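Right, one structure below, let's go through it.
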Amino acid sequence: MPRRALIVIDVQNEYVTGNLPIEYPDINVSLANIGRAIDAAHQRGVPVVVVQQMAPATSPLFARGSHGGALHETVASRPRDHLIEKALPSAFTGTDLGAWLADRDIETIVIAGYMTHNCDDSTVKHAVHAGLSVEFLADATGAVPYENRAGKASAEEIHRVFSVVMQSRFAAVLTTGEWISALETGAAPERDSIYASNQRARSSGHAV
């Protein structure tokens, strides 16, 4: 059984009732699963690290002292082992997360929280580059839609594509239920590779 830590990223009111509402998966589903993951972690002795994004008081998102910047009740009401405040997407950048994990001989981090394609993805990549294994709880995370000069994408498209890419190289992508079962049984989550993922797509005719 690997030594794990659950990293709960930016579960703040901004994503629920604020200016950046999560659209996929449904916010009520992801919040419920985040709560389940935290509870299961505590029951199994997996330390829980809560991460909070903070911006200047004048920012339209995550303003210091604002309701939007505060932790959502799902996380605020539950115990935690460590609290990190960050200003950039990766939970490792400018924080003590790396040292905190190393001091506890953590081998695997488990990602829940928001957003799939921004802070989650940045933290996943940072962890892999630092030599850690990663597990990503796809139904305890979520995305928002974007539109800019490069094009537009729905929240569902963004969440799905980032999850597929993570599974191809960077993380074992699981549901919360699958992860809790893995904690109980000790079974290793299924991982994949870029080569196998591409071969599978080509053989099924999904390649463009």
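Odds and ends about this structure:
- The ranking of Asp192, Asp139 by Cβ neighbour count inside 10 Å, starting from the fewest, reads Asp192, Asp139.
- Total formal charge among the other residues, if their Cβ is under 9 angstrom from that of Glu107, Lys/Arg +1 and Asp/Glu -1: +1
- The local environment of Gly69, defined by Cβ-Cβ distances under 13 Å, has a net charge of -1 under the rule Lys, Arg +1 and Asp, Glu -1.
- Per-bin percent of Cα-Cα distances, the chain [10 Å]: 9, 35, 38, 15, 3, 0
- Listed values for the stretch 10-17 are Karplus-derived 3J(HN,Hα) couplings in whole Hz (6.51 cos²θ - 1.76 cosθ + 1.60, θ = phi - 60°), namely 6, 7, 10, 4, 3, 7, 10, 10, and x replaces Gly and Pro.
- Normalising by residue count, the stretch 99-202 has a Cα convex hull of 126 Å³ per residue.
Throughout, read-outs are computed from the coordinates displayed, never taken from laboratory work. Owing to the predicted nature of the structure, the values given are computational and were not obtained by experimental measurement. Glycine also receives a Cβ, built like all others from the backbone with ideal geometry; neighbour counts cover every protein chain displayed.
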